[in-house]
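Report on the following structure.
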Amino acid sequence: MFISFEGLDGSGKTTQANLLVETLKARHHAVDFIREPGGTDISERIREILLDKKHLGMNEVTELLLFSAARAQLVVQTIQPALKEQRFVVCDRYVDSTMAYQGYGRGLNLDAVRAINAAATFGVMPDVTFLIDISVEEIIERRKQSGTPIDRMESSGKMFYEKVRRGYLATAKEEPQRFVVVDGAQSIEAIKKIIWEEVEKRTRKQKAEMK
Ligand code: T5A
């Protein structure tokens, strides 16, 4: 089963992806945990270019193509082989990030983004996507509290993040079967429970369909 996590920077999706991986492993499931951009040598090097604050002048189309290039390598080298072996694949961000950040956030043509996404994924899409939805005010507050330095993407400003959030919610509406939108303002434990119940439900359904 292919599971992706989406949300604004600081929404808590990495926390939840980690918790899900722990739970799956504790139940003796084979699981690959991947983050985007990254996950292969080539993709990690592209990640460095994308997040480096020295590259503030990066063109939006360059940005789109670099995220997509990192993804294409990850799909072929890691995701497809893992799914073929019936492993769980948990991905911290995937193709919906590109639609939300480069499409809605940067304002690139949405059909062009869709076409590039289709090429970069080779049609491999998650079985379920958890969108951890929180307000931009909340992520600003969390960032202040954590005191972690911001990267190039995070220096894009509040308006940008409002557009990204709207993009995520619009995408989730288009694919209600795949998306599970979770209120990220809840406690870590409460969100973890919602996610695990959903994964169990979908795993049972997938097994029944395979019989
Ligand atoms: N990007 C990526 C694109 O523009 N296009 C693309 O196609 C792709 C793939 C990646 C950047 O690239 C962009 C999006 C990003 O800007 P990154 O460094 O990988 O950047 O970082 P993010 O994916 O944004 O992840 P972060 O680690 O910054 O944030 P998370 O994963 O959302 O949040 P997390 O879990 O680390 O939590 C943040 C803090 O909140 C606390 C945690 O303890 C932590 O301190 N927290 C909670 N606090 C209260 N209540 C809860 N429920 C909490 N859950 C977590």
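Under a point spin-label approximation (7 Å from Cα along Cα-to-Cβ), what is the Met58-His29 distance to one decimal in nm?
In this crude spin-label approximation the distance works out to 3.1 nm.
What percent do you get for the relative contact order of the chain when only Cα pairs under 8 Å and 6+ apart count? Don't skip to the end; give the middle numbers.
Values: 301 pairs, mean separation 66.7, N = 211.
Reported as a whole number, the value is 32 percent.
Over the chain, average the accessible area per residue using a 1.4 Å probe and give it in Å², no decimals.
51
Percent of accessible area on the chain owned by carbon and sulfur, 1.4 Å probe?
On the way: 5730 of 10690 Å².
Carbon with sulfur: 54 percent of the solvent-accessible area.
Tilt of helix 110-121 relative to the longest C-alpha principal axis of the chain, in degrees (0 to 90, nearest 10)?
50
My understanding is that a pair violates if its Cα-Cα distance is over 23 Å; which of Lys144/Lys193; Lys13/Lys173; Lys13/Lys211 do that in this structure? If you can, show how the numbers build up before the last one.
Working: Lys144/Lys193 27 Å; Lys13/Lys173 19 Å; Lys13/Lys211 33 Å.
Over 23 Å apart, Cα to Cα: Lys144/Lys193; Lys13/Lys211.
Would you compute, from DSSP H runs of 4+ residues alone, the mean residue ellipticity of the chain at 222 nm, taking -39500 (n - 2.57) per run and dividing by the full residue count, rounded to the nearest 500? Don't skip to the end; give the middle numbers.
On the way: 8 runs with 108 residues, N = 211.
It comes out at -16500 deg cm²/dmol, rounded to the nearest 500.
Specify the angular offset, from 0 to 90 degrees and rounded to the nearest 10, of the alpha carbon long axis of helix 188-210 from the longest principal axis of the alpha carbons in the chain.
50
Just subtract the alpha-carbon distance of Glu175 and Asp41 from 0.36 nm times their residue separation and send over the number in nm, one decimal. Write down the numbers at each step before the final one.
Values: separation 134, 0.36 × 134 = 48.24 nm, distance 3.17 nm.
Gain in length upon complete extension: 45.1 nm.
Just to confirm the number: angle between the C-alpha axis of helix 60-74 and the first principal axis of the chain, 0 to 90 degrees, nearest 10?
Value to nearest ten degrees: 30.
So, in nm, how far is label Ala69 from label Ile140 when the simple model puts each one 7 Å beyond its Cα toward the Cβ?
3.4
Say the dipole of the stretch 2-206 comes from +1 at the beta carbon of Lys and Arg and -1 at that of Asp and Glu; which of Phe67, His55, Thr14 then lies farthest toward its positive end?
Thr14
Taking the Cα centre of the stretch 2-206 as origin, work out the dipole magnitude from +1 charges on Lys and Arg Cβ and -1 charges on Asp and Glu Cβ, in debye rounded to 20. List each step's numbers first, then the result.
On the way: 30 positive and 30 negative charges, 37 e Å.
Computed charge dipole of the stretch 2-206: roughly 180 debye.
The values are calculated or read from the model by the stated rules, or taken from the named source; none is laboratory data. The structure displayed is predicted, hence computed values, not measured ones. Cβ: placed from backbone, ideal geometry, glycine included. Neighbour counts: every protein chain shown. For the accessible areas, the whole protein counts, side chains as well, though only heavy atoms, and no ligand, DNA or RNA atoms are used. Shrake-Rupley method; radii C 1.70, N 1.55, O 1.52, S 1.80 Å.
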